[in-house]
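The values are calculated or read from the model by the stated rules, or taken from the named source; none is laboratory data. Quick caveat: nothing in here was measured; it's all calculated off a predicted structure. Note: ideal-geometry Cβ built from the backbone for every residue, glycine included; neighbour counts use all protein chains shown. In case anyone asks, the SASA skips ligands and DNA or RNA and just uses the protein heavy atoms, side chains included. Shrake-Rupley method; radii C 1.70, N 1.55, O 1.52, S 1.80 Å.
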Amino acid sequence: MKCDLHVHTHHSGMCTVPVMKRICRESYNDPLEVYETLKRRGMDLVTVTDHDSIDAVEPLRRHPDFFLSEEVSCNTEHGTHLHMGVYGIEERDHAELQLRRDDLPRLIAYLNQNRLLFSINHVFSSLTGPRTEADFEDFAKNFPAVETRNGQMLAVANRHAAAFAERHGRIPIAGSDAHILSSLGRTYTTVSGARTREDFLDGLKQGRSAVNGVSGDVWKLTKAVCSIGGSMVREKPWTAILTPLMAFVPAITIVNFLMELSFAAKWGARMAPLAKTPVSVEALLLR
């Protein structure tokens, strides 16, 4: 079975870019359009991983091939920030996750107690800010899954994530991280032998997953930014006065590309010698 495990809708909130964060959304994807697009692109199951929100569940809950997930924004003990994918949750879990997201050990304890699968997302990207070696030690020790192929991240960052997951025996996860409809379902996870969504989630926990599809690049990011900008203008016509700024988007995405290359190279080199953790995935999920 196939499922894109990293998907956003307009319920993911406002973008984090200074100045624009008051007027522009992270995504303008309608949940029903997301569902229909993913099914057309061959996904057997559909989930949504909005930032700290499960509001997309209402129009989708009636579909038997849908399950609820969430991308939780967390603060670490080391003063850094991360995005965690949590898969196959119940609506009651959402409130508990949000209560604990500023206390990562307490959040992880809740996830393990309730046998919920979770991953560290885009681990070799600077998207969520700086990293420390202690962060990576925590990822290796406490996270049963690693997003090893993200459809918006550079191939080199995904390769480092895959090597990190293999070195530490973590479950590989893949998703498009689509903020626009055209990216949906281009990157996804498969679980062999699964016949139902319950089989799929159990197979993930057992490590029977494989990653598939494409990585990101500078042109893909440029297209996404321009598409989101166009959607912003359609929602708020007065923002058309900002459209001349779109001319700077390619330059900004190229700078971002260079920063991402540097970040991935730095932490990929530092983490290669990190000692392999003896903690198994089964032990993590049984804590």
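Filtered by the rule that a residue be in contact with a strand residue (DSSP E or B) (Cβ under 7 Å, 6 or more places away or on another chain), open to solvent by 30 Å² or more (accessible area, probe 1.4 Å) and in a helix (DSSP H, G or I), the stretch 202-215 gives a lone residue, Lys205. Among the residues in the stretch 109-122, are any out of contact with any helix residue (DSSP H, G or I) (no Cβ under 9 Å at 6 or more places or on another chain) and open to solvent by 10 Å² or more (accessible area, probe 1.4 Å)? Looking through the stretch 109-122, at least one residue is out of contact with any helix residue (DSSP H, G or I) (no Cβ under 9 Å at 6 or more places or on another chain) and open to solvent by 10 Å² or more (accessible area, probe 1.4 Å). Among residues of the stretch 12-24 being touching a Lys or Arg at 6+ places or on another chain (Cβ under 9 Å) and within 20 Å of His122 (Cβ to Cβ), the one that is most open to solvent (accessible area, probe 1.4 Å) is Met14.
Of all the residues in the stretch 54-72, those that are in contact with a His (Cβ under 9 Å, 6 or more places away or on another chain), open to solvent by 10 Å² or more (accessible area, probe 1.4 Å) and either in a loop (DSSP other than H, G, I, E, B) or over 22 Å from Lys2 (Cα atoms) (or both) number 2. Residues in the stretch 76-90 that are modelled with pLDDT of 95 or more and either among the charged types (D, E, K, R) or touching a His at 6+ places or on another chain (Cβ under 8 Å) (or both): His83, Gly85, Glu90. Residue count for the stretch 172-187 under the criterion of being within 14 Å of His122 (Cα to Cα) and buried (at least 24 other Cβ atoms within 10 Å of the Cβ): the result is 7.
Pairs linking a residue in the stretch 216-245 that is surrounded by fewer than 13 Cβ atoms within 10 Å (Cβ to Cβ) to a residue that is at pLDDT 95 or above, with Cβ atoms under 6 Å and 6 or more positions apart or on different chains, are Ala240/Val233. If you go through the stretch 27-40 one residue at a time, do you hit one that is open to solvent by 10 Å² or more (accessible area, probe 1.4 Å), in contact with a Gly (Cβ under 6 Å, 6 or more places away or on another chain), touching a residue at least 40 places away in the same chain (Cβ under 8 Å) and under 24 Å from Ala224 (Cβ atoms)? No: the stretch 27-40 contains no residue that is open to solvent by 10 Å² or more (accessible area, probe 1.4 Å), in contact with a Gly (Cβ under 6 Å, 6 or more places away or on another chain), touching a residue at least 40 places away in the same chain (Cβ under 8 Å) and under 24 Å from Ala224 (Cβ atoms).
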